[in-house]
Amino acid sequence: MPSIIRDASLAPQGRQKIEWARRHMAVLDGIAQDMKRNRPLEGLKVALSIHLEAKTAYLAQVLHQGGADVFATGSNPLSTQDDICAALSESGVTVYATHGCTAEAYHGYLCRALSEKPDVIIDDGGDMVHILHEEHPEWAENLRGGCEETTTGVIRLRSRAAAGKLNFPMFSINDADCKHLFDNRYGTGQSVWDGIMRTTNLNVAGSTVVVAGYGWCGKGVSMRAKGLGAKVIVTEVDPVRAIEAVMDGFTVMPMEKAAPLGDLFITVTGCRDVVTPAHMLLMKDGAMMCNAGHFDVEVDVAGLRAMAVEHYEARRNIEGFRLENGRTVFLLAEGRLVNLAAGDGHPVEIMDMSFALQALCALRLAQKGREMAPALYDVPRDIDGEVALRKLTALGVSIDALTPEQDRYLHG
């Protein structure tokens, strides 16, 4: 089937964005040269559900250059960029995605890609895996396996695997060292604040920021907030992470106590109902809320809309809600991923490593997936190490190697 995109005439500006990303993705570009030379994915189909912006577009192109027929859909309607979709379609990738589409259209695009019966999938949040298990398992008949990018998606996969209901092998890209140590921490940390600051045009220094969740993403967001001069409060449900936050110099308390204190609330938990209407009624007049988790359920947007006596557009990508107590609170980017719905996502060089992992794991599945039992797998250490070494080389950094005697001493 042909691509479904909004406007093919936007392709030139999309090409420009993708070329800029490519120039700063040395690791993935090196893999692309290998792919073009060897064509290891020849004759295979790859379906991707991804945030359709420049960096992910280059990943899709690299897989296509490796010989695959590639079918790309968005993983969030507000992060889909129509000019990127146009350029990607022009380059030979089949695209089913439009910015701001309805939930029904979004689901339909996913189904179109999966109906091609792919050999490999690359998922971002778990929607493709859900469809292949709960709605159309027949579309998985050729599937050798897939990769999952996000914390949220891996949580869903772990639950499915624990229940014995995962029907094909999946790599947990999120748990790879070259992903969560950099993408989640430095990528999320920078891109969340980029989205917030360009959307609000307000000062961060001196404000009180409440960060819900202190995983790798929460660590990054909190660290950047501190660097910008904010007072940072962390809320957590995990006692170990709470201790980490305390020892990193942050104030830790329950959301109910933080609600009256915060000027800006950022959720990064992967869970739902983290900020509820009960919390919102405790907030200051003018408090702002946003979400940096994958799905738009961390801030209870439906509850906020039902409770508000009035709502209005305060600024592009900011809605104001007047509450029954007379105070007004503000929601950024509809409660969706603020770094993508209100920004350009993670820095290019950071995502270079994450998407290199995706490309190499997709290749491993193409080669070995039929030999792997249905399960959730860690990224193989040799792939994680290869990406790290490629990145060091791109940065002009060299490191020591163990001597044979050192290796024997450490490993026997």
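The values are calculated or read from the model by the stated rules, or taken from the named source; none is laboratory data. Treat the numbers as computed from the prediction; the structure is a model and nothing was measured. All Cβ positions, glycine included, derive from the backbone under ideal geometry; neighbour counts span all protein chains shown. What goes into the accessible areas is simple: the full protein's heavy atoms, side chains included, and nothing from ligands, DNA or RNA. Shrake-Rupley method; radii C 1.70, N 1.55, O 1.52, S 1.80 Å.
Within the stretch 98-148, the only residue that satisfies the criterion of being assigned to a loop (DSSP other than H, G, I, E, B), at negative phi and open to solvent by less than 10 Å² (accessible area, probe 1.4 Å) is P118. Here T80 meets the list (1) out of contact with any helix residue (DSSP H, G or I) (no Cβ under 8 Å at 6 or more places or on another chain); (2) open to solvent by 10 Å² or more (accessible area, probe 1.4 Å) almost entirely, failing just condition (2). Would you check if A225 is outside any loop (DSSP other than H, G, I, E, B), at pLDDT 95 or above and more than 23 Å from the chain's Cα centre (by Cα)? It is false that A225 is outside any loop (DSSP other than H, G, I, E, B), at pLDDT 95 or above and more than 23 Å from the chain's Cα centre (by Cα). Filtering the stretch 53-73 for residues that are crowded, with 23+ Cβ neighbours inside 10 Å and over 24 Å from A366 (Cα atoms) leaves a non-empty set.
Residues of the stretch 231-249 being open to solvent by less than 20 Å² (accessible area, probe 1.4 Å) and not small (G, A, S), which ones? Hits for the stretch 231-249 are V232, I233, V234, T235.
In the stretch 199-218, the qualifying residues are those that are under 15 Å from F330 (Cβ atoms) and in a helix (DSSP H, G or I), and the one that is nearest to the chain's Cα centre (by Cα) is T199. When Y312, Y377 are checked against the criterion of being surrounded by fewer than 24 Cβ atoms within 10 Å (Cβ to Cβ), farther than 23 Å from G270 by Cβ, at pLDDT 95 or above and not hydrophobic (A, V, I, L, M, F, W, C), Y312 stands alone in meeting it. Within the stretch 238-251, residues that are in contact (Cβ under 8 Å) with a residue 24 or more places away in the chain have Cβ atoms under 9 Å from residues that are among the hydrophobic types (A, V, I, L, M, F, W, C) and open to solvent by 70 Å² or more (accessible area, probe 1.4 Å) in these pairs: D248/M223, counting only partners at least 6 apart in sequence or on another chain.
Among the residues of the stretch 272-309, those identified as free of Cβ contacts under 8 Å to residues at least 60 places away in the same chain, under 24 Å from R241 (Cα atoms) and open to solvent by less than 70 Å² (accessible area, probe 1.4 Å) are D273, T276, H279, M289, N291, D296, V297, V299, D300. Just to be sure, is R322 open to solvent by 20 Å² or more (accessible area, probe 1.4 Å), of a type in the set (D, E, K, R) and under 28 Å from A57 (Cβ atoms)? No.
I'd like to know if the stretch 128-140 contains one or more residues that are closer than 26 Å to T276 by Cβ and modelled with pLDDT of 95 or more.
yes
Look at the stretch 58-69: where a residue is assigned to a loop (DSSP other than H, G, I, E, B) and a partner is β-branched (V, I, T), sitting 6+ places away or on another chain with Cβ atoms under 8 Å, you get A68/V46; A68/V120.
Residues that are part of a helix (DSSP H, G or I) and surrounded by 13 or more Cβ atoms within 10 Å (Cβ to Cβ) within the stretch 1-15 comprise A8, L10, A11, Q13, G14, R15, listed in sequence order.
Assessment of the stretch 255-271 against the conditions (more than 27 Å from I350 (Cα to Cα), in contact with a helix residue (DSSP H, G or I) (Cβ under 7 Å, 6 or more places away or on another chain) and surrounded by fewer than 19 Cβ atoms within 10 Å (Cβ to Cβ)) yields at least one matching residue.
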